[in-house]
Amino acid sequence: MEDLKNIVVLIDADNTQLSKLEDVIREVSTHGRVVVKRAYGNWKKEYLKNWEEELKRLAIKAEQQFDYVTGKNATDIALVIDAVNLLHKGLYDAFVIVASDSDYTPLAINLHESGVYVIGVGAKITPESFRNSCDEFVFLENISGEIQEPEIKSSSPKRDSQPERVAPKGTGDESIEEIHNLLQIASDKYQDDEGYVNVSSAGQFIKRAKPDFDARTYGFIKLPGLLEAFPEKYEIKRYPGKGTVTIVAYKCIGDK
């Protein structure tokens with residue numbers, strides 16, 4: 001994905017962990033220039049009292065939203081109204097919605113249909129409907145701390161004297177199998193005359209098919225690390241691109 005020029009970040013304080021706020025801003029900033037940063041909440045509430053200093057430090061504009069009716073949260077409505085108003089200005093090419101609430105699904109769909117790039121950021125409990133309505137969805141659990149690429153156990157004979165690998169915690173067989181299936185589809189569609197697929201092209205396809213895909217979910221920094229953990233399934237090739245860029249490609253070789 002190309003760098004985005006003007007990014008809007010809208011944060012639902014009721015659905016976001018304060019401790020992850022700076023990590024979120026840093027993650028979004030890797031995509032491009034963040035020009036609007038707003039957080040929504042009823043700042044009179046006791047559980048939001050610690051937000052003030054962090055919002056000031058990170059230069060995030062605090063939007064006050066009172067609860068007009070007990071038991072009803074007006075924060076999401078205020079966020080949606082602002083998002084639509086900002087969209088109609090025609091100044092921004094990406095909107096980031098930081099929340100774990102499926103109520104933002106219609107907003108994400110509307111923004112997507114308007115031609116802007118939509119990124120969702122939320123916890124792994126975020127409903128699939130919201131995750132899939134975004135162009136890209138990033139789990140909060142993946143953007144804090146350092147990721148150390150784990151070793152994945154393979155029942156196949158080891159190639160190139162590769163050490164035994166142990167599966168990272170939290171990556172179920174069903175979930176990783178879905179990624180293998182998508183990698184196979186990418187291979188069928190994008191392979192060159194030698195059967196190799198550019199990993200970047202495959203990654204873009206997987207993101208379109210599964211917006212919440214992130215190699216970090218499976219314990220890897222990037223997609224090539226995941227591919228290399230399964231030598232019985234993929235053959236890796238590296239070759240020089242423009243300048244100092246190294247292009248990584250893979251070939252599906254099946255189980256051996």
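The values are calculated or read from the model by the stated rules, or taken from the named source; none is laboratory data. None of these values were measured; they are calculated from a predicted model. All Cβ positions, glycine included, derive from the backbone under ideal geometry; neighbour counts span all protein chains shown.
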Of the conditions (1) at pLDDT 95 or above; (2) surrounded by 11 or more Cβ atoms within 10 Å (Cβ to Cβ), the single one that His88 does not satisfy is (2)
Only unsatisfied item for Thr70, checking (1) buried (at least 19 other Cβ atoms within 10 Å of the Cβ); (2) modelled with pLDDT under 95, is (1)
Picked from segment 199-249 (must be in a loop (DSSP other than H, G, I, E, B) and in contact with a Leu (Cβ under 7 Å, 6 or more places away or on another chain)), the residue farthest from Ile109 (Cα to Cα) is Phe220
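Which residues, taken from segment 217-235, are basic (Lys, Arg) and touching a strand residue (DSSP E or B) at 6+ places or on another chain (Cβ under 8 Å)? Reasoning before the result, please.
In the first step, residues of segment 217-235 are kept if they are basic (Lys, Arg); the result is 222, 233.
Hit for segment 217-235 is Lys233, nothing else.
If I go through segment 23-47 residue by residue, how many of them are in a helix (DSSP H, G or I) and within 17 Å of Ser100 (Cα to Cα)? Step through it out loud before you land on a result.
First, pick out the residues of segment 23-47 that are in a helix (DSSP H, G or I): 23-29, 46-47.
Checking the rest, the ones that are also within 17 Å of Ser100 (Cα to Cα) come to 23-25, 27-28.
Adding up the residues that qualify gives 5.
Please count how many residues of segment 109-166 are over 23 Å from Asp93 (Cα atoms) and at pLDDT 85 or above. Break it down into steps so the answer makes sense when it comes.
Here is the first cut: in segment 109-166, the ones over 23 Å from Asp93 (Cα atoms) are 123-128, 141-142, 144-166.
Subsequent filtering for residues that are at pLDDT 85 or above retains 123-128, 141-142.
Summing the residues that are over 23 Å from Asp93 (Cα atoms) and at pLDDT 85 or above in segment 109-166 gives 8.
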When every residue in segment 1-22 that is aliphatic (A, V, I, L, M) and assigned to a strand (DSSP E or B) is compared, the one modelled with the lowest pLDDT is Leu4
Matching residues in segment 99-128 (under 15 Å from the mean Cα position of the chain (by Cα), more than 20 Å from Gly203 (Cβ to Cβ) and among the hydroxyl-bearing types (Ser, Thr, Tyr)) number 2
Given the criteria touching a residue at least 60 places away in the same chain (Cβ under 8 Å) and polar (S, T, N, Q), does Thr105 qualify? no
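Scan segment 219-254 for residues that are acidic (Asp, Glu) and either outside the structural domain of Gln191 (by TED's automatic domain parsing) or closer than 24 Å to Ile143 by Cα (or both) and jot them down. Show your work before the answer.
The initial filter retains those residues of segment 219-254 that are acidic (Asp, Glu), namely 228, 232, 235.
Matches in segment 219-254: Glu228 only.
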Expected output for segment 206-229 (first residue within 26 Å of Ala99 (Cβ to Cβ), partner of a type in the set (Ser, Thr, Tyr), Cβ below 9 Å, 6+ apart or cross-chain) is Pro211/Ser133; Asp212/Thr126; Thr217/Thr171; Thr217/Ser175; Tyr218/Thr171; Tyr218/Ser175; Gly219/Thr171
